[in-house]
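The values are calculated or read from the model by the stated rules, or taken from the named source; none is laboratory data. What you are looking at is a predicted structure, and each value in this text was computed from that prediction instead of being measured. Cβ: placed from backbone, ideal geometry, glycine included. Neighbour counts: every protein chain shown.
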Amino acid sequence: MTPQIAEYLDGLVHEPPHLAAVGAWIEENEEPIHISPAQGAALRALVAATGARRVLEIGTHVGYSALWIAEALAPAGGRLVSLEVDPRRAQTARTHLAASPWGAAVTVVTCDARDWLATSDDEFDLVFLDAEKILYLDLFRAAWDRLRTGGSLVADNTLHKGRVVAPVKDSTRAIAALNVLATSGSVGHGTVLPLGDGLTLVVKTADTLP
Ligand SMILES: C[S@@+](CC[C@H](N)C(=O)[O-])C[C@H]1O[C@@H](n2cnc3c(N)ncnc32)[C@H](O)[C@@H]1O
C-alpha cells in the first residue's frame, strides 16, 4: 500500500474522541507502534461482524487497539483480556481505558504472553496478536489452543514493511512462517489483508496445527 493510500484510508476514519486522545498521547510520550486508525476500524468491524464476545489481545502497548476492539465488544456485553509484558505500558493502558467509556470491559494483564498462554484454559472467539515479532509463530501456536473452532485469529504487521517477500531477519522469518501456516488451507480460512502493515486473518477450522 502506498503512503498516499494509507493516508487516504486513515483520513476516512472517524476516531472517537477518547481514541484520538490516546493517539495524541502516544505521539508525545511513546513509540508510535500501535495499529493505524484504518486497522482499528477494521478490527472493530470484525468484532461486530463475528459477534465475538470473548477477545484476547496479545500486546496491549498503551491501549489504542484495545479501545477499538472494546468499542464493538463492550456494548454487546463482551470482554477483552489484553496481555502486556511491560508494567509501565500496562499501567498506562489501564489509565487510558479507565478514561474511556469501555474501560470496565477490558482487563489488562501484566505478563509474558508465553507464560499466560501456557497456563490459561480460557477460550476465546477472537485473538488479536500484536507482540514481539520474533515470537509470532510460537504465539500463534499457543494462542490457537485458546481459540474456539470457528473463531478468528488476526495478526498485525504481517507484511513487515514488505520484508516478508524476502526475509533476512529471524523476526521476518517468523512472520512469514505464520503467514504460510495461516493461509495453508490446513488450519482454517486464512488470508493476508494489505491494510496498514498487513493483517493476517484466519478463521479456525482445525483444532490441531501441523
Ligand atoms: C506493537 S505493540 C502493541 C500495539 C497495540 N496492539 C496497539 O495497536 O495499540 C507490541 C506490544 O507487545 C508487548 N509485548 C512484546 N512481547 C510480549 C510478550 N511476550 N508478552 C506480552 N506482551 C509483549 C510490547 O511490550 C509492546 O507494548
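Listed by first and then second residue, the pairs with beta-carbon distance under 8 Å, at least 6 apart or on different chains, first residue in the range 162-191 and surrounded by 14 or more Cβ atoms within 10 Å (Cβ to Cβ) and in a loop (DSSP other than H, G, I, E, B), second modelled with pLDDT of 95 or more and among the polar types (S, T, N, Q), are VAL187/THR205. Only one of the numbered conditions (1) touching a residue at least 24 places away in the same chain (Cβ under 8 Å); (2) within 13 Å of the ligand (Cβ to nearest atom); (3) in contact with a Ser or Thr (Cβ under 7 Å, 6 or more places away or on another chain) is violated by HIS96, and that is (3).
Does the range 101-110 include one or more residues that are within 23 Å of THR205 (Cβ to Cβ) and more than 16 Å from the ligand (Cβ to nearest atom)? The answer is no, given that none of the residues of the range 101-110 is within 23 Å of THR205 (Cβ to Cβ) and more than 16 Å from the ligand (Cβ to nearest atom). Total residues in the range 2-31 satisfying the condition of being surrounded by 12 or more Cβ atoms within 10 Å (Cβ to Cβ) and not in a helix (DSSP H, G or I): the figure is 4. Take ASP170 and tell me if it is at pLDDT 95 or above, within 16 Å of the ligand (Cβ to nearest atom) and not aromatic (Phe, Trp, Tyr). Yes. State which residue is farthest from the ligand (Cβ to nearest atom) when the search covers only the range 127-139 and only residues that are touching a Leu at 6+ places or on another chain (Cβ under 9 Å) and within 18 Å of GLN39 (Cβ to Cβ). If we take residues in the range 127-139 being touching a Leu at 6+ places or on another chain (Cβ under 9 Å) and within 18 Å of GLN39 (Cβ to Cβ), then VAL127 is farthest from the ligand (Cβ to nearest atom). Number of residues in the range 115-136 that are surrounded by 19 or more Cβ atoms within 10 Å (Cβ to Cβ) and not small (Gly, Ala, Ser) equals 11.
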